[in-house]
Amino acid sequence: MSGPDPAALRFGPDDRLDDRDPAATDAFAGEDQARDFTEDSARRLARAQLMLEAHGTHGLLIVVEGMDAAGKDEAIHHVMGAVDPGSARARSFASMSDDEARHVFLRRAAIAAPARGELAIFNRSHYSQVVGDRVSPELLDDQSLPPEVEAGAESGALWDDRFRQIRDFERTLVENGVAVVKLFFHVSKDEQRRRLLERIERPEKRWDFGKADIEKREQWDAFLDAYGAALRATTTDRAPWFVIPSDQKWYSRAAAASVVLGALHGLHDDFPEPDDDQRELLEWGRQQLESDDS
């Protein structure tokens, strides 16, 4: 079953978010077809993730970003719910503690990066420090930065340096066998308004509503500009960004599944063949079990 083409979702260094339609659903005839694709992809993802674990030579880092209420959490639940939690984990980078704020940029990301054989999801990530910090530079005050470094926030040098450090960090991961896929869930301002109102009205969603949802919405253009700059500066052949149209959740889940599945299939296409020692062990185990009369 064919779905969204990951190549069509890739974001290049000269692309603009304004040119991407958050309401796009053109890969499917309708919602039912998209749901069938997502369910099928989840099963295939579970198998591909087991291949990743079985080989143990590569890892996969999935970075998930987007405006509030873009559908990131639901997509992770629907797309990744079938994978083995023993070798897959999700991490959300909340506000830094005082201790974390004193450490170098990207330390949290480096600690949470997956090992070979593992899959990790950063739902909100190291990119908050080139998006949120850029929109609200007062957040830098708690990071104990040298004065000459903090001064670069106004000139732009700080963000250029952090973009370079992100590219270097992600290149290092790839060169050590950890593939990097980055998904930006692109939702329209009107659809975000509808979803935030739904959070207020529905009892099972009210707990997820906060004052920050409105405060960040009031800075919509600034956040979108900061995201656009970050995506353009850090999308690379080795660690690309994919823009996921997210006004229709059934489409965004299918698109995310297509991208992640493509990344996993790019690492392994089958389970590893046993070597001589493992063949000997398997044959011994077979003989023991076949002769077991209990």
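Below, the figures for the structure above:
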item	result
Distance from the stretch 171-246 to the stretch 107-156 (C-alpha centre basis), Å	15
Percent accessible area from carbon and sulfur atoms, the stretch 78-120, protein chains only, probe 1.4 Å	49
Per residue value of the accessible surface for the chain (all protein chains in place, 1.4 Å probe), Å²	52
J(HN,Hα) series, the stretch 198-207, from Karplus relation 6.51 cos²θ - 1.76 cosθ + 1.60, nearest Hz, glycine and proline x	5, 4, 6, 7, 9, x, 6, 10, 4, 4
Alpha carbon convex hull of the stretch 246-294, projected area averaged over orientations, nm²	6.5
Å³ per residue enclosed by the Cα convex hull of the stretch 38-132	100
GluC sites (Glu not before Pro) restricted to DSSP loop in the stretch 172-262 with at most 14 other C-beta within 10 Å	E218
Among [x] 140; [y] 113; [z] 183, the entry that matches volume of the Cα convex hull per residue in Å³ as calculated here	[z]
Counting DSSP beta bridges with both ends in the chain, the antiparallel % (nearest 5)	10
Chain lengthening between R10 and L289 when straightened (0.36 nm per residue, less Cα-Cα)	95.4 nm
Residue-by-residue Karplus 3J(HN,Hα) for the stretch 43-51, coefficients 6.51, -1.76, 1.60, Hz, glycine and proline x	5, 5, 5, 4, 5, 5, 5, 5, 4
Within the chain, longest stretch clear of exposed trypsin sites (Lys or Arg not before Pro) (DSSP loop, no more than 13 other Cβ within 10 Å)	103-237
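The values are calculated or read from the model by the stated rules, or taken from the named source; none is laboratory data. For clarity, every value in this text was computed on a predicted model and none was experimentally measured. All Cβ positions, even for glycine, are placed from backbone atoms using ideal geometry, and neighbour counts span all protein chains on display. Ligands, DNA and RNA are stripped out before the accessible areas are found, and what is left, the full protein with its side chains, is counted by its heavy atoms. Shrake-Rupley method; radii C 1.70, N 1.55, O 1.52, S 1.80 Å.
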